[in-house]
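This report refers to the structure that appears directly beneath it.
Derivation of every value follows stated rules applied to the coordinates shown; laboratory data play no part. These figures come from a predicted structure and were not determined experimentally. With ideal geometry, Cβ positions are generated from the backbone for all residues, glycine too; neighbour counts draw on all protein chains shown.
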Amino acid sequence: MLALWKNVKLTYLSLLVFAACEPSVLSVSNVELCDYFTRDGVCREPSPLNKKYSVDIPNVKKPNTWEELGNYLYFHARETPGFVLRMNRRMSPEERKQIQETYFAMYEFAGVKGKMEGFEIGEDWIGSFNYLGSMVKEKQKKENRLGQYPYETSIFPTELEFTWSAKGIKGSTKTKIDFVYHVLPAEKAP
């Protein structure tokens, strides 16, 4: 009987050790709204819920159409709403490869959907972003308004939803964004 008890204890101990060595299922532990993250996953510009973007535009670049405003936002202001997914643990090389091969992220901005432009992956994080100028232009293009004067109150404030999916993970998060731009007065000549 004592030998049987020792075998049961040894089997139980072996199962505990094996279970402890098996990594937990990879999952997203935290979603961080972020307008700028580094290549090592550090969020340099955390974004609160209900963020208001405010952009100063020089008088010589004053936008007269939505297309001009979208281009200014893309090439000069470079506002990039996005997110960082913090994983519950480091990814194995196989998991990273699977995510790189299957990952995609989408946005829904003011009722218009599109694919996120930026994607980075680290040991225990995934980041995606998109240019606000691209989202504005895409919305106005779909509604045939690119050539109209850019009254920001005709779009903003608006809902912005991010969704992501890869083998084994998927989810979404929502925020609300507002936007205003100010045209700076022309500089006075000396």
Flagged links, alpha-carbon separation over 25 Å, of 61/176; 61/139; 141/176: 61/176
Expected 222 nm ellipticity per residue - DSSP helices of 4 or more, -39500 (n - 2.57), all of the chain, to 500: -8000 deg cm²/dmol
Charge-dipole axis of the chain as Lys and Arg at +1 and Asp and Glu at -1 on Cβ define it, positive-most pick from 169, 119, 183: 169
Backbone N within the stretch 51-71 under 17 Å of label point (7 Å from residue 178 Cα along the Cβ vector): 51-56
Ratio of the Cα radius of gyration of the chain to 2.2 N^0.38 Å, where N counts its residues: 1.47
Nearest 10 degrees, 0 to 90: helix 93-102 Cα axis against the chain principal axis: 40
Loop trypsin sites (Lys or Arg not before Pro), the stretch 67-112 (other Cβ atoms within 10 Å of the site Cβ: 15 or fewer; DSSP): 78, 89, 90
Principal-axis tilt of helix 2-21 within the chain, Cα atoms, nearest 10 degrees: 10
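Could you give the length gained on full extension between residue 117 and residue 159, defined as 0.36 nm per residue of separation minus the Cα-Cα distance, in nm?
Extra length available between residue 117 and residue 159 comes to 13.3 nm.
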Förster-model FRET efficiency, 25 Å R0, residue 52 and residue 98, C-beta, rounded to 0.05: 0.10
Size of charge dipole - the chain - debye, nearest 20, with Cβ of Lys, Arg +1 and Asp, Glu -1, no other charges: 360
Sum of side-chain charges, residue 180 neighbourhood, beta-carbon under 13 Å (Lys, Arg +1; Asp, Glu -1): -2
Extension gain, residue 86 back to residue 141 (0.36 nm per residue minus Cα-Cα distance, nm): 16.4 nm
